[in-house]
1. Could you list all residues from the range 200-226 that are of a type in the set (Lys, Arg) and in a helix (DSSP H, G or I)?
2. Restricting the range 1-11 to residues that are among the hydrophobic types (A, V, I, L, M, F, W, C) and surrounded by 10 or more Cβ atoms within 10 Å (Cβ to Cβ), which is modelled with the highest pLDDT?
3. Which members of the range 262-282 meet the condition of being at pLDDT 95 or above and under 17 Å from residue 180 (Cα atoms)?
4. For the range 261-288, which positions are buried (at least 19 other Cβ atoms within 10 Å of the Cβ), more than 47 Å from the chain's Cα centre (by Cα) and farther than 18 Å from residue 152 by Cα?
5. Kindly indicate the residue of the range 227-250 that is in a loop (DSSP other than H, G, I, E, B) and over 48 Å from the mean Cα position of the chain (by Cα) and also surrounded by the fewest Cβ atoms within 10 Å (Cβ to Cβ) among those meeting that condition.
Amino acid sequence: MTLFKQDRWVTLLIGVILVCFSAIILLNPEKESAGIRTVQLDKLQGNQTAAKLAPLAEAAKSALKNGETLSGGITAALHPAESFKVTPIAASLFRPETADAGAAVKAKAAPSRMAPLPAVKQAAQPLSPKPATAVKALSNNPPKVLYFSRTKLLSQEQKNEATWSYTLSQADIRQLQKIVMAEAEGEPYPGKIAVANVVLNRLRSANFPDTIKDVIYQKRQFSPVANGRLTRVTPDKESIRAVTAALSGVKEVSDDTYYFLSLKLAQDLTVHHTRKYAKTIGNHTFYK
């Protein structure tokens with residue numbers, strides 16, 4: 001008491017502390033009771049809502065089973081601003097028979113293993129025979145004797161009409177093959193035959209030498225003789241075949257054709273200006 005009387009400030013401080021404790025004690029029971037009341041209120045409202053929705057849930061199940069349309073109370077209870085409808089098609093999805101039908105559809109859609117189609121065998125069609133062409137076959141070997149009339153080379157079948165004949169040697173045939181190769185290499189096959197025809201026409205004519213060798217080596221007549229090409233070449237198969245054809249009577253130029261030249265390569269065009277034009281085969285021009 002003496003302390004309180006001496007220091008009034010201490011008395012005031014103790015009074016403030018007591019007031020604060022009293023206020024804390026008074027406020028806590030109110031908060032606790034308020035929390036209890038809030039929980040109880042929420043439980044009560046939840047129970048009331050569940051009680052209201054229970055009949056609606058039963059109605060929804062019944063409607064779904066019967067395929068009916070839901071509206072009104074359920075819409076107002078769940079979504080006041082929206083409405084929804086369960087159509088009979090949607091409701092039918094929940095029916096047992098619909099599930100069975102869906103399973104049947106899946107079963108139909110499943111790919112089935114089809115038996116492979118039997119292979120169709122077609123009878124092989126025999127190729128229609130090509131029409132036969134009457135072509136006189138030439139012998140692979142040249143004749144041994146040539147037959148001439150006064151104006152032409154005769155075939156072997158026309159030998160009875162001959163006015164004179166010429167017996168061929170292997171050297172003659174080889175020389176003829178070499179001159180054809182040297183003069184007509186790179187020319188078409190008919191052009192090769194035509195070169196051989198010219199040599200044989202000269203052999204028949206009285207205006208030229210009497211042997212194949214002399215005809216070929218006559219001065220200033222065949223350029224391969226002058227430039228030495230004739231001795232260097234080896235006849236190919238086509239040149240050999242062309243010579244055999246010419247000796248057998250095949251003619252690409254007439255029997256009065258005695259000259260030929262290449263207008264692109266010839267330096268002396270006297271024949272071109274003085275002789276009668278006969279024919280052009282490849283790069284060679286033939287004259288009578």
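1. 202, 204, 213 - these are the residues of the range 200-226 that are of a type in the set (Lys, Arg) and in a helix (DSSP H, G or I).
2. 10
3. Passing the criteria: 280, 281, 282.
4. 261
5. 228
The values are calculated or read from the model by the stated rules, or taken from the named source; none is laboratory data. Worth saying up front: this structure is predicted, and the values here are computed from it rather than measured. We place every Cβ from the backbone using ideal geometry, glycine too, and count neighbours over all the protein chains shown.
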